[in-house]
Amino acid sequence: MVLGTGIDIIEVERVKTIAERNPRFLEKIFTSREIDYCLKKKNKYQHLAARFAAKEAFFKALGKRISWTAVELYNLSSGKPDLKIKNKQRLRVDIAHVSISHLKEYAVAAVILEGKK
């Protein structure tokens, strides 16, 4: 059963500005694995923005906000994005579908959650 859907779009420049002004922003929002992955990329702020959008889309699909670092976006070996969710059973989420995309100026993500009500 679909528990919820969420979508989010964010300006890459907004993430860059906040991250440059407040270095603790990254640690508050992203897991160490997400930070390591993104900072190795040429266009690191596009990747950070996509992860931010995925977390926001997840919160919208869930219908509530939990800890930012309780949700982690990573890539499977195939390159497909996936969500790692802490306390997945407590949240009653069985499956989380996620899709992300980013361009120079924007990042977008959509999440569909399946589980038992």
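Only a single item in (1) modelled with pLDDT under 95; (2) more than 21 Å from Val111 (Cβ to Cβ) is not met by Arg65, and it is number (2).
If you take the residues in the stretch 77-102 that are over 12 Å from the mean Cα position of the chain (by Cα), assigned to a strand (DSSP E or B) and without any contact (Cβ under 8 Å) to a residue 60 or more places away in the chain, which one is nearest to Leu48 (Cα to Cα)?
Start the filter on the stretch 77-102 by keeping residues that are over 12 Å from the mean Cα position of the chain (by Cα), which leaves 77-80, 86-95, 102.
If we keep only those that are assigned to a strand (DSSP E or B) too, we end up with 93-95, 102.
Filter again for without any contact (Cβ under 8 Å) to a residue 60 or more places away in the chain, leaving 94-95.
Values: Asp94: 26, Ile95: 23 Å.
Looking at the filtered set, the residue picked out is Ile95.
When Glu114, Glu105 are checked against the criterion of being under 16 Å from Val2 (Cα atoms), surrounded by fewer than 20 Cβ atoms within 10 Å (Cβ to Cβ) and in contact (Cβ under 8 Å) with a residue 60 or more places away in the chain, Glu114 stands alone in meeting it.
Beta carbons closer than 6 Å, at least 6 apart along the sequence or on distinct chains, pair a first residue in the stretch 9-31 that is in contact (Cβ under 8 Å) with a residue 12 or more places away in the chain and more than 21 Å from Lys84 (Cβ to Cβ) with a second that is part of a helix (DSSP H, G or I) and not polar (S, T, N, Q) for Val12/Tyr45; Val12/Ala49; Lys16/Tyr45; Ala19/Phe25; Ala19/Leu26. Checking every residue in the stretch 61-72 against the condition of being farther than 24 Å from Val2 by Cβ, acidic (Asp, Glu) and surrounded by 15 or more Cβ atoms within 10 Å (Cβ to Cβ) gives zero matches. In the stretch 1-39, the qualifying residues are those that are in contact with a Phe, Trp or Tyr (Cβ under 7 Å, 6 or more places away or on another chain) and among the small types (Gly, Ala, Ser), and the one that is nearest to Ser99 (Cα to Cα) is Gly6.
The values are calculated or read from the model by the stated rules, or taken from the named source; none is laboratory data. Owing to the predicted nature of the structure, the values given are computational and were not obtained by experimental measurement. Neighbour counts run over all protein chains shown; Cβ positions are idealised from the backbone, glycine included.
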